[in-house]
Each structure stands twice: as structure tokens, then as C-alpha cells.
Amino acid sequence: RCIGPNDTWTCPKGCVSTGDPALDCRHIDPGTHRCAGACDAANVSPGNTAGNTAEVAQDSSATVLVPLSDLPLVVKGSRVVGRSETAYQLACVNWYGAHMEMLVNNGLNVKGLEEIASFIVQLKAFNCVRLPYSLDSLNMSNEDIPDRFSALCHNPELQAATPLEIFDATVKALTDAGLLVVLNNHVFRRGWCCSFDDGEGLWYNEDFEESVWLHHLGFMSRRYKDNPRVVGFDIRNEIRSTAQAVPSWGTGRAESDWALAAAKGSRRVLQEDPDMLVIVSGLEYSMYLCRVPAYPLHLQPEFQSHIIYTSHEYDWYLSAPQFLQMRAVNASMFFLQCFFATSAALLLLVPLALMLCKPQAFGSRVGCCRTPRWMRCTVMLQVLVAVVWVALFHSLLFLLGRVVADPCGKTDFAASIIFGLLWLPGFCLSLRLPWLLLLQLLPPAVAADAPSQATAPPTPSTAPDSCTAEGRHAAVLGCDDAEMAELNESGCPERNSSCAEGDGIGMPVEVDELQPAVDAGEKSRRQVNRRKVFMLCLGMLFVSSINGSTLLYLESYEAWSQHLDDRWGFLLQESRDESRVAAVWLGEFGTASDNLWWNHMMRYMSERPLAGWAYWPLNGEKRPGEQEDFGILEDDMRTVRHPWKLQDLQRLAKP
């Protein structure tokens with residue numbers, strides 16, 4: 001017996017369970033269809049597994065398979081076409097495992113190769129499979145396969161085979177089912193990909209020279225030359241920066257020029273198989289194809305009609321402008337939360353406290369929170385500064401993302417610092433607006449505890465100088481309601497005109513935060529300045545609206561698609577410059593959530609003339625016992641994990 005999903009026991013291919021827990025799996029006698037002798041997995045011949053496959057209904061009229069008669073495929077502009085000039089998409093799915101520690105594709109412990117190949121066809125979403133492998137696996141023996149009897153439980157005929165022979169059988173099973181195959185040199189040494197320090201970012205490393213890589217490309221191309229359904233070779237996965245070098249395109253430096261190395265690799269592949277499509281990775285995890293027009297590999301005569309560029313996309317892939325705009329999204333969300341929370345607290349909770357507490361006590365406390373003199377200016381000016389600053393920041397945000405941050409480069413942290421310095425003042429100025437509105441609406445405290453002092457006029461000996469700060473303060477407190485309204489407009493009463501003529505230190509006084517004195521027994525009731533209240537409300541509405549609008553735009557499909565166009569999508573657009581038109585294949589993309597990114601991705605792929613795509617992955621497991629959340633299938637290799645995802649891919653693959 002074999003260990004299946006969730007450590008359950010399953011029977012190997014050609015055998016079934018008897019239903020009796022005391023008995024092992026038994027052979028099925030083909031004549032009687034009854035259990036025969038004990039099942040020895042090492043001696044089982046290939047056959048059908050009884051009762052362990054959940055079939056998917058197949059509609060032959062909706063097939064997306066490429067007919068054998070239309071092969072080989074060639075590149076024409078941004079499209080892939082067959083002999084009949086019919087355009088096809090390489091609608092692939094990644095099925096991995098051969099490049100990992102187990103050295104065989106995941107799922108061969110629960111289903112036979114032919115069953116899995118047939119099941120992929122029945123999903124009606126794919127006409128192609130991308131098969132990653134590791135270079136070091138090509139020379140390994142069957143003894144190097146960990147737990148090979150368990151890993152190949154449902155493929156007992158392969159348990160004595162080497163990793164390369166198992167890879168051969170996988171290719172054959174897929175192509176026999178009518179599927180196309182794209183080979184992919186994923187890594188040098190078996191294991192998961194990818195990171196900065198894994199030693200796999202370039203086409204060479206300390207253990208594998210460039211010549212070894214080129215030799216193996218020729219070896220694999222020659223090995224599958226006679227199988228016309230092996231149509232493509234993805235010669236290296238996700239070229240990226242390492243401690244050794246930062247890859248470039250068209251610079252001519254042998255140690256870092258990926259375009260130069262890709263030309264060597266493409267030449268080696270086409271020497272062995274002239275019908276092969278050569279797939280060339282973009283830079284930095286296959287994110288960028290920006291430099292292709294500067295060195296158009298696809299226009300070189302020896303490569304014309306054979307070169308396809310590949311890009312990868314995941315929801316965590318962010319260019320420098322995307323990184324800044326993601327921060328802008330977070331900043332706008334944070335601002336709106338703080339803004340509405342502050343407004344609610346000041347305009348709802350403070351008046352509530354005023355009703356519950358003594359007005360005199362509450363008013364005295366508000367008076368203690370007056371704005372420092374150096375920060376005082378007219379309400380109109382504060383509203384204007386906040387509005388202008390916020391508008392300027394959001395206008396510069398797009399300029400900053402397009403000019404300061406390179407759309408085809410790594411994240412620029414200097415731009416991030418500039419972003420923060422521009423955002424913080426607008427944030428602080430905007431959060432002050434609710435406080436100013438509160439001061440306009442809040443009634444003044446009743447000074448009932450000291451009537452005699454409030455009404456006593458200053459004596460000549462103690463009268464303050466009208467040209468000093470104390471004098472101006474006293475003058476304001478002596479104003480009646482009409483004079484205070486006039487003071488709000490002019491900033492200084494006529495009686496203090498000597499301030500401007502005396503020592504020259506006269507300045508407008510903001511009276512909204514000062515409380516006038518009243519006669520004994522009479523409550524001071526300041527009239528609300530409706531114009532200021534209106535301007536404050538208008539300013540608050542503006543800053544909240546512009547933050548909300550920015551949030552909506554940056555989350556929109558138009559903004560998102562622009563970033564992909566900047567990085568690689570521009571090669572798919574019609575142009576008079578043929579160097580800017582090329583075939584692009586989306587070699588990896590995947591998700592576990594039906595989220596905004598996925599919906600944008602589906603729309604973008606349906607609107608652009610892509611050469612094709614390859615969803616990552618088919619697998620139900622990443623490693624034995626470790627779930628692959630992005631997988632099309634569950635770990636039993638027969639249950640669809642996310643039906644919505646499969647339906648979207650089926651619509652995308654329709655001819």
C-alpha cells in the first residue's frame with residue numbers, strides 16, 4: 001500500500017482495496033473482475049485504476065488543443081501561429097516536482113501519469129503544460145529519489161527508472177494526450193525557487209559554468225526533437241540580481257548581459273531543433289522587459305519567428321511606482337480613518353461632554369488648549385494652506401511615481417522618503433480643520449465666578465499700553481458683539497490703530513479662540529461666523545474627497561494596467577517601430593484568492609494579444625504533506641480546489 005493525501009493508505013495502480021481492513025490491496029483479475037493475489041507494487045503492470053478517479057465531463061466541441069497537423073508553431077508579431085496561419089495561445093499550466101527535492105512531479109503517488117494527462121485535457125482550460133526541471137537531476141539514478149516507492153505508488157512501472165527517464169515518461173504521457181509541452185530549466189540544483197541568495201539568479205554560478213548550461217540546453221533540445229508537441233523551451237527561470245552580478249540587457253558585459261547569454265542559449269537550442277520556440281525570461285524575477293527595444297533579440301535574422309519573451313506576475317510583484325502608489329493607498333486609507341475619527345470625536349463627543357459638564361468648567365479647560373501665538377493665523381488661511389498642500393501632494397504623487405521612481409527599476413527608497421516628507425505636513429494640517437470647526441461652533445464659557453473683575457475698567461495707573469501685546473489683548477476683551485464681528489473681518493479695531501503707527505508690532509489677532517468679558521448676570525453669546533464654518537466644512541470635504549479619489553484611482557484597473565504596460569505590456573501594442581512589438585508569454589501567475597488583483601489580471605490577459613500564459617500550478621501539494629494553496633487541484637489530483645478559478649481560465653482559453 002501507499003501513503004496518500006493526509007497520510008491515508010491508498011492502493012497502487014492496478015490494485016484495489018478489498019474493503020477489509022485486515023487485508024492488503026489485491027490485484028483485479030481482468031477476466032472475473034475479482035480480487036486475485038496480493039498486490040506487489042514492484043511487479044504490477046500498467047492498467048486502469050478502479051473507482052478512484054472523479055471524471056470531468058468533456059465537450060469535444062470546446063477543446064482548446066492544437067491539432068498536430070498545424071505544428072510546428074512560429075511567432076508572427078505578438079502572436080503564435082500554426083502552419084495554417086491560425087493564431088493560438090499557449091494556454092499552459094505549470095506542473096512541478098521534477099525540479100524539487102522529490103525529483104518527480106507531484107501527484108504520481110495518487111494517480112497514474114496517463115490519468116493525470118487525460119484529466120488536464122478534461123479540465124478544458126489548458127492545451128499545454130510547462131514542465132520545470134533541475135539541471136542536476138539529469139545525471140541522477142533512481143536511488144536518489146526519496147521514498148520512490150511511495151512517490152511513484154500509482155506508477156509502479158517507473159519505480160526503477162531514473163529521474164530523467166521519469167521526466168521522459170511524463171513528457172510522453174502529456175503529448176500522447178494531445179497536450180503541448182514547454183520545457184523549463186528552473187534551477188541548477190533541485191529545490192524551491194526563488195530568492196536573492198539561493199545562487200540560482202543567473203545562467204551560471206560557482207558550480208555550473210555557462211558552458212554547462214549551454215551544453216544541457218542542446219542535450220534536452222535534441223532529446224525531444226522527434227516529439228512535435230514539445231514546442232517550446234523556457235531556457236532559464238526568473239533571471240535576477242545576485243551577490244555575483246546584477247543582470248542587464250544589451251550592455252555587452254559577458255558576466256551580466258542576459259541578452260548576450262540568451263542569444264547563445266537560443267542559438268544552441270535551434271541548432272538541435274530548428275522548430276523549437278525559444279522563451280527568454282525578463283529581468284528581476286521576470287518582471288521587466290523594458291530594455292528589449294534597445295537590443296531586440298527577436299529581430300536578429302537567426303532568431304526571427306522563434307523568440308518569445310516571458311514575464312511573471314503575482315500580486316506581490318511591485319515596480320517602483322507601484323510601491324510608492326501602494327504607500328499612497330495605505331496613507332490615504334490611514335488619513336481617512338484618522339480624519340473621520342477625529343471629526344467624530346471633536347464634533348460629537350466634545351459637545352456631549354459640554355452638555356454633561358458645567359459650561360464654566362468645560363470652557364476653562366478649552367481655554368487652556370488655545371493655539372500658541374506663533375501658530376495663530378486666520379481661519380481662512382489655515383483652510384487654504386491645508387487644501388493647497390493636500391492637492392499639491394496628490395498631484396506630485398503621480399509625477400513622483402513616473403519621474404523619480406523608475407518604472408523599470410528597483411524600488412527607490414529616496415523617493416519613498418520624499419513621499420513621506422510631502423505627506424506628513426498635509427496630514428497634520430488636514431487634521432487641524434475639525435478642531436478649528438469645533439472652536440467656531442463651541443459656545444464660550446460663562447464667566448460667572450468673577451463678575452466684578454470682568455466689568456471693572458482699567459485705572460489709568462494700571463491701564464495697559466495699547467501698543468503692547470497686553471494692550472491689544474485688553475482691547476479685544478473690551479469689544480462688544482458688533483466690534484468683535486468687525487474684528488473678525490479687519491483683524492484690529494480702530495481704537496488700536498496706533499499699534500500700526502507706534503512701534504510697528506501690530507498684527508491681526510485671531511479672536512475665535514479668545515473669550516470676551518461680560519457684565520454680571522449676562523451670558524456672552526458669540527454669533528457663529530457662517531462664512532468660516534462654511535469654508536471649514538468645504539475644506540474638510542475637499543481633503544477627504546481628494547484622498548478618497550486617489551484611493552479609488554490607484555485601486556482601479558486603469559492605474560494597475562498602466563504599470564504592466566510600462567514593464568512589458570508595451571510590446572503587445574501596435575507600433576510602427578517593429579522593435580517594440582514582440583510576442584510575450586506570461587509564464588507564471590497564480591493566486592489563492594478571488595481578489596481584485598486576480599480580476600484585473602483576467603481582464604488584462606483577455607484584452608491583450610498575449611502569445612499565451614501558464615498558470616502556477618496544477619499541483620495539489622508543494623511537497624509531500626505540504627499543501628499548495630495556489631494549486632488548480634487538491635492533493636488527490638482529482639478535486640478542483642477553486643472552481644471559480646478554473647471557470648475564469650476556461651473562459652480565457654476559449655479559441
Could you tell me which residue of segment 121-141 is nearest to residue 650 (Cα to Cα), considering only residues that are touching a Gly at 6+ places or on another chain (Cβ under 9 Å) and of a type outside the set (Val, Ile, Thr)?
127
Candidates 242, 162, 175, 251 - the one that is within 22 Å of residue 615 (Cα to Cα) and of a type in the set (S, T, N, Q):
175
When residues of segment 71-93 are limited to those that are basic (Lys, Arg) and either in contact (Cβ under 8 Å) with a residue 40 or more places away in the chain or on the phi > 0 side of the Ramachandran plot (or both), the one surrounded by the fewest Cβ atoms within 10 Å (Cβ to Cβ):
76
Considering (1) over 32 Å from the mean Cα position of the chain (by Cα); (2) touching a residue at least 40 places away in the same chain (Cβ under 8 Å); (3) surrounded by 15 or more Cβ atoms within 10 Å (Cβ to Cβ), say which one residue 68 fails and leave the rest.
(3)
Go through segment 216-262 and count every residue that is hydroxyl-bearing (Ser, Thr, Tyr) and within 17 Å of residue 291 (Cα to Cα).
4
Residues being modelled with pLDDT of 70 or more and touching a Phe, Trp or Tyr at 6+ places or on another chain (Cβ under 6 Å) - total across segment 394-422
2
In segment 266-292, what residues are surrounded by fewer than 20 Cβ atoms within 10 Å (Cβ to Cβ) and either in a loop (DSSP other than H, G, I, E, B) or at pLDDT below 95 (or both)?
274, 275, 291
Give just the number: which of (1) without any contact (Cβ under 8 Å) to a residue 60 or more places away in the chain; (2) surrounded by 23 or more Cβ atoms within 10 Å (Cβ to Cβ) does residue 648 not satisfy?
(2)
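One line per residue, one yes/no per condition, for (1) farther than 30 Å from residue 87 by Cβ; (2) crowded, with 18+ Cβ neighbours inside 10 Å:
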site	(1), (2)
133	no, yes
145	yes, yes
198	yes, no
213	yes, yes
222	no, no
232	no, yes
Within the bounds of segment 94-111, is there any residue that is touching a residue at least 40 places away in the same chain (Cβ under 8 Å), of a type in the set (Lys, Arg) and assigned to a strand (DSSP E or B)?
no
Touching a Phe, Trp or Tyr at 6+ places or on another chain (Cβ under 8 Å) and not aromatic (Phe, Trp, Tyr), is that true of residue 265?
yes
Restricting to segment 524-537, give me the number of residues that are loosely packed, with under 12 Cβ neighbours inside 10 Å, modelled with pLDDT of 80 or more and of a type outside the set (Phe, Trp, Tyr).
1
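Tell me, yes or no, whether segment 588-603 has at least one residue that is aromatic (Phe, Trp, Tyr), in contact with a Leu (Cβ under 9 Å, 6 or more places away or on another chain) and farther than 30 Å from residue 150 by Cβ. Reasoning before the result, please.
Just the residues of segment 588-603 that are aromatic (Phe, Trp, Tyr), to begin with: 589, 597-598.
Now narrow it down to the ones that are in contact with a Leu (Cβ under 9 Å, 6 or more places away or on another chain): none.
Within segment 588-603, not a single residue is aromatic (Phe, Trp, Tyr), in contact with a Leu (Cβ under 9 Å, 6 or more places away or on another chain) and farther than 30 Å from residue 150 by Cβ.
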Exactly one condition in (1) farther than 22 Å from residue 194 by Cβ; (2) aromatic (Phe, Trp, Tyr); (3) assigned to a helix (DSSP H, G or I) is not met by residue 303; state its number.
(3)
Among the listed residues 234, 207, 198, 168, identify the single one that is farther than 22 Å from residue 89 by Cβ, among the acidic types (Asp, Glu) and touching a residue at least 24 places away in the same chain (Cβ under 8 Å).
168
Residue 122 touching a residue at least 60 places away in the same chain (Cβ under 8 Å) and within 27 Å of the chain's Cα centre (by Cα):
no
Can you tell me which residues in segment 187-201 are under 18 Å from residue 98 (Cβ atoms) and of a type in the set (Gly, Ala, Ser)?
191
Selection count where residues are part of a helix (DSSP H, G or I), in contact with a helix residue (DSSP H, G or I) (Cβ under 8 Å, 6 or more places away or on another chain) and open to solvent by 10 Å² or more (accessible area, probe 1.4 Å), scope segment 562-591:
6
Pick from segment 54-89, criterion outside any loop (DSSP other than H, G, I, E, B) and within 22 Å of residue 116 (Cβ to Cβ), ranking: modelled with the lowest pLDDT:
60
Return the residue satisfying two criteria in turn: it lies in segment 265-281 and is touching a Leu at 6+ places or on another chain (Cβ under 6 Å) and not aliphatic (A, V, I, L, M), and of such residues it is farthest from residue 311 (Cα to Cα).
268
Looking at this structure, is residue 150 farther than 20 Å from residue 224 by Cα, hydroxyl-bearing (Ser, Thr, Tyr) and in contact with a Cys (Cβ under 8 Å, 6 or more places away or on another chain)?
yes
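Scan segment 252-264 and tell me whether some residue there is within 26 Å of residue 578 (Cβ to Cβ), modelled with pLDDT under 95 and not in a helix (DSSP H, G or I).
The answer is yes, given that some residue of segment 252-264 is within 26 Å of residue 578 (Cβ to Cβ), modelled with pLDDT under 95 and not in a helix (DSSP H, G or I).
The values are calculated or read from the model by the stated rules, or taken from the named source; none is laboratory data. In this text, all values refer to a predicted model and were calculated from it rather than measured experimentally. Don't worry about glycine lacking a Cβ; one is built from the backbone with ideal geometry, like all the others, and counts go over all protein chains shown. When the accessible area is computed, the model is the full protein with side chains, heavy atoms only, and any ligands, DNA or RNA have been set aside. Shrake-Rupley method; radii C 1.70, N 1.55, O 1.52, S 1.80 Å.
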